[in-house]
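**Student:** This is the structure I want to talk about, given as structure tokens.
The values are calculated or read from the model by the stated rules, or taken from the named source; none is laboratory data. Predicted model only: the values in this text are computed from it and were never measured. When we count neighbours, we look across all protein chains shown, and the Cβ atoms used for this are built from the backbone with ideal geometry, even at glycine. Quick note on the areas: whole protein, heavy atoms, side chains included, nothing else; ligands and nucleic acids left out. Shrake-Rupley method; radii C 1.70, N 1.55, O 1.52, S 1.80 Å.
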Amino acid sequence: MTVKLEDARRVIAAAEAKADQIGQPMNIAVVDAGGNLVAHVRQDGAWIGSVDISISKAWTSRAFDITTKDLSANAQPTQQFFGIHTTNDGKVAVFAGGIPLSRDGVVVGAVGVSGGSGEQDHSVADAGASAF
């Protein structure tokens, strides 16, 4: 099982709707079970610098099967995963906006969102994940 293009388009559409609702242009990325990019959208006005960040958030969520919000909490100084962002050639993103996508209890991909505050990014990613 993995994320197909049809799935990715549905996730992105739901995430875009949420981004539009809150008035914050976003970059939205969806990866498959292997962490490979399936689809990406940069909404009009979204930061160019957030393209790679959204992809990294999706990859990180899939690589560790955890939301980047939860990973972030565990990556702070004195926490168990402090320094994790320096691994995997710097691909690990440790701020909110990445959420694993599951089917029948198995993680088969992830969505990553970047372009707003951590709270905004997570809410848009959550809207996308809910459509999966």
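**Student:** If you check Asp7 against the conditions, is it at pLDDT 95 or above and touching a Phe, Trp or Tyr at 6+ places or on another chain (Cβ under 8 Å)?
**Tutor:** Taking the combined requirement at face value, the residue satisfies it.
**Student:** Please state which of the following conditions Gly45 fails to meet, knowing it meets all the rest: (1) of a type in the set (Gly, Ala, Ser); (2) open to solvent by 50 Å² or more (accessible area, probe 1.4 Å); (3) in a helix (DSSP H, G or I).
**Tutor:** With (1) of a type in the set (Gly, Ala, Ser); (2) open to solvent by 50 Å² or more (accessible area, probe 1.4 Å); (3) in a helix (DSSP H, G or I) applied to Gly45, the lone miss is (3).
**Student:** Still on this structure, please answer the following. Which pairs turn up if I take residues in region 87-101 that are in contact (Cβ under 8 Å) with a residue 60 or more places away in the chain and look for partners that are in a strand (DSSP E or B) and among the small types (Gly, Ala, Ser) with beta carbon separation below 8 Å, at least 6 apart in sequence or on another chain?
**Tutor:** Going by the 8 Å Cβ cut-off, the qualifying pairs are Leu101/Gly109; Leu101/Ala110.
**Student:** For region 103-121, what are the residues that are part of a helix (DSSP H, G or I) and of a type in the set (Asp, Glu)?
**Tutor:** Across region 103-121, the qualifying residues are Glu119, Asp121.
**Student:** Based on this model, can you work out whether Lys57 counts as under 12 Å from the mean Cα position of the chain (by Cα), of a type in the set (D, E, K, R), within 20 Å of Arg10 (Cβ to Cβ) and in a helix (DSSP H, G or I)?
**Tutor:** Criteria met by Lys57.
**Student:** Right, something else. Please count how many residues of region 64-102 are open to solvent by 50 Å² or more (accessible area, probe 1.4 Å), in contact with a strand residue (DSSP E or B) (Cβ under 9 Å, 6 or more places away or on another chain) and either part of a helix (DSSP H, G or I) or of a type in the set (A, V, I, L, M, F, W, C) (or both).
**Tutor:** Going through region 64-102 one residue at a time, the tally reaches 3.
**Student:** Does Phe132 qualify as being part of a loop (DSSP other than H, G, I, E, B), at pLDDT below 95 and hydrophobic (A, V, I, L, M, F, W, C)?
**Tutor:** The answer is no for Phe132.
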